[in-house]
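The values are calculated or read from the model by the stated rules, or taken from the named source; none is laboratory data. All of these numbers come straight from a predicted model, not from anything done at the bench. All Cβ positions, even for glycine, are placed from backbone atoms using ideal geometry, and neighbour counts span all protein chains on display.
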Amino acid sequence: MKTRDRILLCALELFNEHGEPNVTTLDIANELDISPGNLYYHFRGKEALLEDLLADFMAKTYDLLHLEAQIETLEAEDYWLFLHLLFEAIVADRFLFQDLSNLMGRYPFIAKSMRQWIEALRKILRTLLLALREQERLCCDDRALERLLDALCQTVLFWLDYQRISQGEGDQPTEAVQQVLGLLLPYLDPDTRDWMSNLIERYD
């Protein structure tokens, strides 16, 4: 593995484990047993590292957040797969979601990119909800749909951080997916609700 790739992987692991504010470039260099100068040759400071890691996260989740052309062909179980893949990506780069508002406040480029990411997340989730409603699987008016959309977005953004704070851990997508699917249950028609409840139990 090239030194540049090793640095990125090490930075990601340390950021995920300790939180970005608690990791310095010296910590990364020491962990890799390379000189600070060698690290600086590849990345001129922690901000450069964050830019590459953020770009990688955006690339990994781009296709998930731009499914519009496939929405009409999605089956109910595809919603589970969508959420599972989304939370896998979030878990892999979970440092971005640990105290997100603080991270956005300290790095304007992260604030800009994450706002765009959240906007894309909200758009695709709304499209998915509208598709379910069009199929008469989701029963709610426009106002209720917007409230449900807010709850879904908040859960996606903050569930892992909530788990980490409340239980001391938060690196598994399972409970996050179950939580999001559970939010849908009261709005589903009886047949879809029963199917979704069984899916949540199987996923456990």
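If you go through the range 167-187 and pick out every residue that is out of contact with any helix residue (DSSP H, G or I) (no Cβ under 6 Å at 6 or more places or on another chain) and of a type in the set (A, V, I, L, M), you end up with 1. Put simply, of PRO21, PRO36 the only residue that is surrounded by 13 or more Cβ atoms within 10 Å (Cβ to Cβ) and either acidic (Asp, Glu) or more than 21 Å from ASP99 (Cβ to Cβ) (or both) is PRO36.
Each residue in the range 1-17 was checked for being without any contact (Cβ under 8 Å) to a residue 60 or more places away in the chain, touching a helix residue (DSSP H, G or I) at 6+ places or on another chain (Cβ under 8 Å) and closer than 27 Å to ILE165 by Cα, and 4 of them qualify. Under the condition of being surrounded by fewer than 17 Cβ atoms within 10 Å (Cβ to Cβ) and either in a helix (DSSP H, G or I) or not small (Gly, Ala, Ser) (or both), the residues counted in the range 158-174 number 11. The helices (runs of 4 or more DSSP H) found entirely in the range 1-117 that carry 3 or more residues being over 30 Å from ILE200 (Cβ atoms) are 3-18, 25-32, 36-42, 46-62, 100-106.
For residues in the range 175-204 being among the charged types (D, E, K, R) and loosely packed, with under 13 Cβ neighbours inside 10 Å, which is farthest from VAL91 (Cα to Cα)? Give the steps one after another, and end with the answer.
Filtering the range 175-204 down to residues among the charged types (D, E, K, R) leaves 175, 189, 191, 193-194, 201-202, 204.
Cutting the leftovers down to loosely packed, with under 13 Cβ neighbours inside 10 Å gives us 191, 194, 201-202, 204.
Values: ASP191: 32, ASP194: 29, GLU201: 22, ARG202: 21, ASP204: 18 Å.
Checking each candidate, the answer is ASP191.
The one condition from (1) under 13 Å from the mean Cα position of the chain (by Cα); (2) modelled with pLDDT under 90; (3) closer than 20 Å to HIS66 by Cβ that LEU121 does not meet is (2). Would a scan of the range 124-135 turn up a residue that is of a type outside the set (Asp, Glu), out of contact with any strand residue (DSSP E or B) (no Cβ under 6 Å at 6 or more places or on another chain), farther than 23 Å from LEU54 by Cβ and not in a helix (DSSP H, G or I)? So far as the range 124-135 goes, yes, one or more of its residues are of a type outside the set (Asp, Glu), out of contact with any strand residue (DSSP E or B) (no Cβ under 6 Å at 6 or more places or on another chain), farther than 23 Å from LEU54 by Cβ and not in a helix (DSSP H, G or I).
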